[in-house]
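These notes concern the structure reproduced below.
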Amino acid sequence: MLKSEKLINEIFTSSLNSYSMVFFSKNHLLSVILILVSFFDIYAGVAGLMSVLSANLMARFLGLNHYNIASGFYGFNALLVGMGLGIAIQPSLPFYAILLFIAFATLFLSIAFEGIMGKYGLPYLTIPFLLAIWLAELAIRSYTELQPSEAGIYTMNTMYARGGDTILQIYKWFGDVSWPMAVKTYFKSLGAIFFQYHLLAGLLIALGLLIYSRIAFMLSLLGFGAAWLFYLLIGANMHELDYGFIGFNHILTAIALGGFFMIASQWSMLWVLLLTPVVSIVITGVSTLLLPYQLTVYSFPFNAVVLIFLYSMKFRERMLLKPETVVVQHFSPEENLYMGMNARERFRNQLYMQFSLPFYGAWQVSQGHNGNPTHRDDWKEAWDFVVCDENDSEFSGDGSKTGDYFCFGKPVLAPADGWIEEVVDMIEDNEPGDYNLEQNWGNTVIIKHAEGLYSKLSHLKKQSVVFPRGTFVYKGQIIAYCGNSGRSPFPHLHFQFQSTPFIGSQTLKYPFAQYIISNNNFSLRLSGIPEERQLVQNIEPDPALSEAFNFVPGEVIAYSIDDMDTVEGKWSIQTDMLNNRYLECMKTGAKAYFRYESKLFYFTHFKGSRKSLLFNFYLAAYKVPLGFYKNMPVEDVFPPTILKTGFLRLLQDIVSPFFLFLKPAYRLVYSDRDLLITGSRINLKSSCILRVAGKEIKNLSFDLGIADNKLFSLDIKTGDKTHKAIFKYHNK
């Protein structure tokens, strides 16, 4: 792409997003509607567009972040200032000259408040707009070349002059409709956000909101409706909502807190209702304070209430999900809700430090939490691990010697990175059946992993501890060997988590991560508490799977579909500025973000065309543990809207803050593995199934082929049709 084409594309995108960002959106259809609304008053539209272009071009000239510019973050405040002044001031050459510099000033205020508010993890909202338009209104009073506009005084004359008789008649028709006052005021309040104080503007904006987000539209109704009822309840002056249609503060506050900065739920909506009186009080109070200066309150109440509430939420120690703060912003209340809930369900184990089982191979839990006889009271949340043969025996021969026990002398591993805090290594091992009650815990290692989080490994073999106190050890590193010291009649490994660094500390309930239960059939646990009699082991990575899914940035994967000779497209492996890795379809621009860990590959989210092969690969390889366990099922859940469902999607959006009924399920099974000279040939079968009320709505099936330690093929089955993709090569 030529530089000039790239510049035009950036200006176009940043301008569109500057309009929709007023409603916290990047929806371009909403942008087009808002641009149309802004030009209901031609001079306001021109002034707004001029301000947007000026601010975004200056931001680019200053070398500001391209993503922020393209997102409209630096343009929407300038847009509001331009429209506000375009309505208030008669168009003239001096006005447009001054407007250019006011747009620059608004940009600099945006940059300043980005830094100031960013220190507290808060958005700057429309604070730059408020300061810029107040200062401009005060300054312009001294500029004799600028004349106040008569648009708000002689509305009919203005409409006729700017649009002719047709526009005037349309305006009069909307003004004369016999709708309830509350309904008319709601629509006019929506229009007032763009300085257009009539029904048609509000109707179009409401339509745009409905297209962009059903939740945002419902929240706009909730915020305004609650305000209307509150004013009626307290007997307040209803003209406060009607005059200047200042009720838009309630609408913006409801959208911001109900579904944009907080995940939409019954709790976020409850807070919208509770904050309605606060917004009203701020409107009345600040309007009184500004009256001597003849300044309008504009969006100050919205800014004040939203920022104070968001700041207050940062001090919570409980009720963290009531309401839940949006962590990753998707610029859509629905996507914030769906992706947030999906991430919470999929990655709840990542709230914990990832601890591996402290041994190689499969060990049995001989005594679990609350087990008899020793895991009671302060030590109830501990495990004893042993090694058993296929007959469930812990030893060979008669078991009279410690060496008869399969676990005796086996390596003991660090469950996670940490500092060795305490070591006991000189206690004799007991003969089977004997106890050492004086030195209860026997040879022990305590590792500090974080403040208030330690692991303790006890009954170790005498003089087997590898590292002294103060040594930093890594996950999976051998630190000692299993023994039979202390209160241990038979060789075993005692393991517990604790919050203090002392031998004898009470236990702490904490899960292990990414392990396999293999009693009869293989079963995966991403996080859990191993139970008594369970046979457990860490995921042992298979070299073929590990290499096949280790997509290295800079590499390219080419593929053909149903034709071994023709390359249909390519994927490139990329990283973003936060070092997130993703596969990008070079044909459609679709992106599938993923994480590759030592034992697990999984996708986090997808953006772009859902007709691309990459989308099918995203569905097929949504989660792949990197060890081969034949017939082991792997299950997960997709975001509710990953599949097209038509009317069901609209219905889900409406009820989503209260109930989810769209839950597409993922299932993967390890099918076959053949060992070849060049590596393994592995077949994985996966599916994406959507059921509603027990009825199957969608069913997509996939076969993933791995050969020569590379991704080889993908079969896509929908109904009676099957398409096969062959990955021709995988090189840099």
By average C-beta atoms within 10 angstrom, highest first, the peptides 466-474, 43-51: 43-51, 466-474
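Note down the magnitude of the dipole of the chain about its Cα centre, charges +1 on Lys and Arg C-beta and -1 on Asp and Glu C-beta and zero elsewhere, to the nearest 20 debye. Show your work: numbers first, answer last.
On the way: 59 positive and 59 negative charges, 326 e Å.
In total the dipole reaches around 1560 debye.
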Which of the aspartates and glutamates could a cross-linker bridge to residue 721, judged by Cα under 14 Å and excluding same-chain residues fewer than eight apart? 562, 703
Post the alpha-carbon centroid distance, segment 667-723 to segment 301-338, in whole angstrom. 39 Å
If packing is taken as the mean number of other Cβ atoms within 10 Å per residue, what is the order of 704-710, 122-128, 603-609, highest first? 122-128, 704-710, 603-609
Just to verify a number: FRET efficiency for residue 178 and residue 568, C-beta to C-beta distance, R0 = 41 Å, to 0.05? 0.10
What does the charge count around residue 603 come to, taking other residues whose C-beta lies under 14 Å from its C-beta (Lys +1, Arg +1, Asp -1, Glu -1)? +4
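In what sequence do 482, 688 fall when counting other Cβ within 10 Å, fewest first? Working shown, then result.
On the way: 482 28, 688 22.
By the 10 Å Cβ count, ascending: 688, 482.
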Round to the nearest 0.05 the FRET efficiency obtained for residue 637 and residue 141 when R0 = 60 Å and r is the Cβ-Cβ distance. 0.50
Using the charge dipole of the chain (Lys, Arg: +1 at Cβ; Asp, Glu: -1 at Cβ; taken about the Cα centre), state which of 299, 688, 424 has its Cα farthest towards the positive end. 299
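Mind sorting 555, 451 by how few other Cβ atoms lie within 10 Å of their own Cβ, fewest first?
Working: 555 15, 451 7.
So the residues, fewest neighbours to most, are 451, 555.
Relative contact order of the chain, please, whole-number percent, based on alpha carbon pairs below 8 angstrom and at least 6 residues apart.
Details: 1472 pairs, mean separation 55.4, N = 732.
8 percent.
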Taking amide H atoms as placed 1.01 Å from N in the peptide plane, list the residues 5 or more away in sequence, or in a different chain, whose amide H sits under 5 Å from that of residue 507. 379, 380, 381
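Enumerate by residue number the GluC sites (Glu not before Pro) in segment 75-146 meeting two conditions: DSSP loop (anything except H, G, I, E, B), and at most 13 other Cβ atoms within 10 Å of the site's Cβ. Kindly include the intermediate steps, with their values, before the conclusion.
Details: sites: 114, 137, 145; in loops: 145.
The qualifying sites are 145.
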Karplus couplings for segment 120-128 from phi (6.51 cos²θ - 1.76 cosθ + 1.60, θ = phi - 60°), rounded to Hz, Gly and Pro as x? 9, x, 10, x, 9, 6, 10, 4, x
Can you find, among 372, 571, 180, the residue sitting farthest towards the positive end of the charge dipole of the chain, where Lys and Arg contribute +1 and Asp and Glu -1 at Cβ? 180
Residue-wise, which Karplus ³J(HN,Hα) couplings in Hz belong to segment 524-540, taking 6.51 cos²θ - 1.76 cosθ + 1.60, θ = phi - 60°, and x for glycine or proline? 8, 10, 6, 7, x, 10, x, 9, 4, 6, 6, 9, 10, 7, 5, 5, 9
Give me a comma-separated list of calculated 3J(HN,Hα) values for segment 685-691, in order, Karplus coefficients 6.51, -1.76, 1.60 applied at θ = phi - 60°, integers in Hz, x for any Gly or Pro. 10, 9, 8, 10, 10, 10, 10
Straight distance only, please: which lysines reach the Cα of residue 462 with their own Cα at less than 17 Å, same-chain residues fewer than 8 apart left out? 401, 410
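Are there chymotrypsin sites (Phe, Trp or Tyr not before Pro) in segment 278-341 that DSSP marks as loop and that have at most 14 other Cβ atoms within 10 Å, and which are they? Could you put the intermediate results ahead of the total?
Working: sites: 293, 298, 302, 309, 311, 315, 331, 338; in loops: 298, 315, 331.
Answer by residue number: 315.
Quick check on my link table: of 587/607; 587/728; 623/710; 570/710; 119/591, which ones sit more than 19 Å apart, alpha carbon to alpha carbon?
Values: 587/607 14 Å; 587/728 16 Å; 623/710 17 Å; 570/710 15 Å; 119/591 31 Å.
Where the Cα-Cα span goes over 19 Å, the pairs concerned are 119/591.
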Note down the net charge around residue 412, summing +1 for each Lys or Arg and -1 for each Asp or Glu among other residues with Cβ under 12 Å from its Cβ. +3
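Nearest 0.05, what FRET efficiency do residue 370 and residue 325 give at R0 = 30 Å with Cβ-Cβ as r? Please list the in-between numbers first.
Numbers: r = 36 Å, r/R0 = 1.19.
Taking R0 as 30 Å, the efficiency between residue 370 and residue 325 is 0.25.
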Less than 23 Å apart at the alpha-carbon level, and either on another chain or at least 8 residues along: which lysines does that give for residue 380? 448, 456, 509
Sorted by mean Cβ packing within 10 Å, highest first, what order do the peptides 501-512, 13-24 take? 13-24, 501-512
Computed [θ] at 222 nm, helices only, for the chain once each DSSP H run of length n ≥ 4 contributes -39500 (n - 2.57): -11500 deg cm²/dmol
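Once the other residues with Cβ under 14 Å from the Cβ of residue 402 are scored (Lys, Arg +1; Asp, Glu -1), what is the net sum?
Details: positive: 401, 410, 461, 462; negative: 394, 398, 404, 428, 429, 431, 434.
Taking every Cβ under 14 Å from that of residue 402, the sum is -3.
For segment 654-704, state which chymotrypsin sites (Phe, Trp or Tyr not before Pro) are in a DSSP loop and have at most 10 other beta carbons lying within 10 Å of their beta carbon.
Values: sites: 658, 659, 661, 666, 670, 702; in loops: 658, 659, 661.
Those that pass, being in a loop and sparsely packed, are 658, 659.
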Express in whole angstrom the spacing between the alpha-carbon centres of segment 603-639 and segment 178-207. 45 Å
Segment 8-149: Cα Rg divided by the 2.2 N^0.38 Å rule of thumb: 0.99
Over segment 304-382, what is the relative contact order in whole percent, taking alpha-carbon pairs under 8 Å and six or more residues apart? 12 percent
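With charges only on Cβ, +1 for K and R and -1 for D and E, what is the dipole size of segment 543-731 about its Cα centre, in debye, rounded to 20?
Working: 26 positive and 19 negative charges, 112 e Å.
Its charge dipole is roughly 540 debye.
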List the relative contact order of segment 9-132 as a percent without decimals, with contacts defined as Cα pairs under 8 Å and 6+ residues apart. 27 percent
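Give me 529, 420 ranked fewest to most by other Cβ atoms within 10 Å of their Cβ, as a rough exposure proxy.
Final ranking by Cβ density, sparse to dense: 529, 420.
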Computed magnitude of the charge dipole of segment 8-149 (debye, nearest 20; Cβ of K, R +1, Cβ of D, E -1): 220 debye
Distances over 31 Å make up what percent of all Cα-Cα pairs in segment 543-731? 17 percent
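Values quoted throughout were computed directly from the atomic coordinates according to the rules given, and no laboratory measurement underlies them. Just so it is clear, the structure is predicted and the values come from calculations on it, not from any experiment. Cβ coordinates were reconstructed from backbone atoms using ideal geometry, including for glycine residues, and neighbour counts include every protein chain displayed.
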